[in-house]
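Written below as structure tokens is the structure these notes are about.
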Amino acid sequence: MQKYMKSNWKKNKEGHDKYWGELYNFIAQNSTKYTELEQEFLALNYFEMKGSAPNFKIEDKLINGDCSNYVTAKQNILYNLIKDRIDGADYLIDLGSGWGRNSISYSMKDPDQKIIAGELSDSGKNITKCFTKKYNLPIESIPFNFFDFTTLIDYLKDKDISKVMLFSFHAIEQADFLREEEFRKLLALPIKFKALHFEPVAWQYREQEFPFGNHYNQNFKEVLESLEKDRILRVNNINHTHYQCNTNAGGTNSTLIEWEKL
């Protein structure tokens, strides 16, 4: 039986609007200080992390870095993975883009790649739009809800698109029980899809107890396996140690998952 979210996505939106709102205020108050994208991007990351970056792991190697090293390492990991797999996609689609950090980060490395940043919170979208307008980035910011893909599906229908690449980074975690039918509707579009995710779901594959005391996702593995069973997609890679963005339960459960539409 399909499970539905226990958490209230509207409450989740309110929380993220408040959180990203603090970052938006920082940008609004300090934007005139910066003329270079890299400088302003790093300043916002410093502000969000309060100047102290967490320890992280790459292929199980523990790294103690400052904010700059942390941001650069994550940027390089995502960029290298995506660039080797994007294969001329019309759009890179950032699902649950937050304030746009990963979309902006990718644009810094590949300024020609068109990106769609889909985000639920208004303040998150506003930050993305600020960077996009100021630095002329190829990023389109749209509303997106993990419990209802309608806005994304309608957006893609209106464009001449043959191939896209989806990615998420600790964003699906915010949807406790994904709705499989939303993936089915998206993948029914006459578009070639590839996807790359970093999500804290290792415990699902290891058949362990739910390790979080919150609303984090509990059925991403189940959804992918059902779609794979029906030959809608094929999972090509599952890696539990490629990159762990911190050493708490969220980081240690971070899993790289890659799939493509059949």
Which residues' amide hydrogens lie under 5 Å from the amide hydrogen of SER141, considering only partners 5 or more residues apart or on another chain, with H built in the peptide plane? ALA117
Placed amide H near ASN236: partners under 5 Å, 5+ positions off or other chain: GLU258, TRP259, GLU260
Phi to ³J(HN,Hα) by Karplus 6.51 cos²θ - 1.76 cosθ + 1.60 over segment 193-209, Hz, x for Gly, Pro: 10, 10, 8, 9, 10, 10, 9, x, 10, 3, 4, 5, 6, 8, 6, 9, 5
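To make sure I understand, if each residue's beta carbon is the centre and we count other beta carbons within 10 Å, what order do LYS133, LYS159 fall in, fewest to most? Walk me through the numbers before you get to the answer.
Values: LYS133 10, LYS159 13.
Fewest to most other Cβ atoms nearby, the residues stand as LYS133, LYS159.
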Normalised alpha carbon radius of gyration of segment 135-196 [divisor 2.2 N^0.38 Å]: 1.18
Whole-Hz ³J(HN,Hα) for each residue in segment 246-262, computed from phi via Karplus 6.51 cos²θ - 1.76 cosθ + 1.60 with θ = phi - 60°, x for glycine and proline: what do you get? 7, 10, 8, 4, x, x, 5, 9, 5, 10, 7, 10, 10, 8, 9, 6, 8
Please list, ordered by chain and number, the residues whose modelled amide H lies under 5 Å from the amide H of THR255; skip anything fewer than 5 residues away on the same chain. GLU199, VAL201, ALA202
Test of understanding: ordering PHE47, PHE210 by Cβ neighbours within 10 Å, fewest first, what list do you get? PHE210, PHE47
Would you work out the Kirkwood radius for the chain? I mean one over the mean of 1/r across all pairs of different Cα atoms, in Å. 18.8 Å
From the Cα centre of segment 1-76 to that of segment 121-197, the distance in Å is 19 Å
Karplus-derived 3J(HN,Hα) from phi for segment 157-165 (6.51 cos²θ - 1.76 cosθ + 1.60, θ = phi - 60°), whole Hz, x at Gly and Pro, runs 4, 7, 10, 7, 10, 10, 8, 9, 10
For LYS163, give me every one of the aspartates and glutamates with a C-alpha distance below 14 angstrom, ignoring sequence neighbours fewer than eight places off in its own chain. ASP87, ASP90, GLU260
Ranking of CYS67, CYS245 by count of other Cβ atoms within 10 Å, fewest first: CYS67, CYS245
Among the listed pairs LYS50/LYS157; LYS11/LYS261; LYS57/LYS133; LYS18/LYS134; LYS133/LYS192; LYS192/LYS221, which have their C-alpha atoms separated by more than 31 angstrom in this model? LYS50/LYS157; LYS11/LYS261; LYS57/LYS133
With unit charges on the beta carbons (Lys and Arg positive, Asp and Glu negative) and the dipole taken about the Cα centre of segment 36-261, which residue among ILE93, SER254, ILE63 sits farthest to the positive side? ILE93
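Where a number appears in this text, it was derived from the coordinates with a stated rule and is not lab data. Everything numeric here is computed off the predicted structure, so don't read it as measured data. No Cβ is skipped: glycine too gets one built from the backbone with ideal geometry, and neighbour counts run over all protein chains shown.
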